[in-house]
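Take a look at the structure below.
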Amino acid sequence: MAQVRSIFLSDIHLGTRACQAHRLLDFLKRYDSEHLFLVGDIFDFWAMGRRGVCWSAHMNTVVQKVLKRARHGTKVVFVPGNHDEALREYLDSSFGDIVLRREYVHVAADGKRYLLLHGDEFDVVTKYHRWLALLGDHSYAFLVRLNVMLSWLRRQLGIAGYWSLAGYAKRKVKTAVSFIYDFEESVVRNVKSRGLDGVVCGHIHAAAIKRIDGVTYINCGDWVDSCTAVVEHDDGRMELIDWGVQQAQVPQGELTLDAADTWPAPAQTEEREAA
């Protein structure tokens, strides 16, 4: 097991068919940390309320593993997102040694200060047009269900690797790309105005570590399409873990998952200075 200083996870969407809890469990078996930050949409109360609860044994184990780490000294901070916003009624409370916060400032080992928030407050659709957000959520859920059938067909045809239809659509649609760019810029402006060094967020399911206008922007990605997480090493260095790629590097005998189901989503690490 790799020991790191901090693990950052977001957009797991427990309670939905799309959640890849089994892959997350494999990740947690190989990474342990002093700090564990849950950066929103860990549970998907939206989907559970409208489409019914889809809860697997793997999801139970994810919850149990997080609670066990909290009991054994790992500092666990949960920043609820818009899909689990019901938990925002209990901010500043503790549940099983897990602390709930609206946002949180994490001081890394190198002294840099990162604002942790989910990010939905910077999404104008979610904030001001909830009906449109719900429509988009339904469309996204349809693409995920369709992708399950496509994955089955790819396996039957002997095509290796996992391919996400929802992720492909998000990358190719121009308006989606523009939305991601606007979201990043809005988050960075807020963080810079506070005099902080960086931000760790989620919400848009677009994993990235990049510099924008002098601020380190970090997005954890998700455990629906990309299966990505962010870890902080003992020297304060932040790393984006693409779990599909990590699994591909493990000998077949050590994997608990079918290698054909891994998702090699591209990790984005780049420098971009705002004009």
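Coordinate-derived values only; no laboratory data. Treat the numbers as computed from the prediction; the structure is a model and nothing was measured. Counting neighbours? That spans all protein chains shown, and the Cβs are built from the backbone with ideal geometry, glycine included.
Odds and ends about this structure:
- Taking other Cβ atoms within 10 Å as a rough exposure proxy, Glu239, Glu184 sort from fewest to most as Glu239, Glu184.
- Compared with the direct C-alpha span, the chain from Arg113 to Lys68 gains 13.5 nm at full extension, assuming 0.36 nm per residue.
- 5 angstrom amide H check on Leu196, placed H, neighbours 5+ away: none
- Rounded Å value of the spacing that divides the Cα centres of the stretch 1-34 and the stretch 58-83: 10
- Charge sum, other residues only, whose C-beta stays under 15 Å from Arg194's C-beta, Lys/Arg counted +1 and Asp/Glu -1: +1
- Fewest-first sequence of Glu89, Glu103 by Cβ atoms within 10 Å of each Cβ: Glu89, Glu103
- A full extension of the chain between Asp182 and Tyr90 corresponds to an added length of 30.1 nm, given 0.36 nm per residue minus the alpha carbon distance.
- Cα gyration tensor, the stretch 40-126 - rounded (a/c under 1.5), prolate or oblate: oblate
- Taking amide hydrogens as placed 1.01 Å from N in the peptide plane, the amide H of Ser6 sits under 5 Å from those of Glu34, His35, Glu232, each at least 5 positions away in sequence or on another chain.
- ³J(HN,Hα), Karplus 6.51/-1.76/1.60, whole Hz, each residue of the stretch 19-30, x for Gly, Pro: 4, 9, 4, 5, 6, 4, 4, 4, 4, 5, 5, 10
- Among Phe95, Phe45, sorting on how many other beta-carbon atoms sit within 10 Å of each Cβ, with the fewest leading, yields Phe95, Phe45.
- Potential lengthening of the chain between Trp55 and Met1 amounts to 16.7 nm, from the contour at 0.36 nm per residue minus the alpha-carbon distance.
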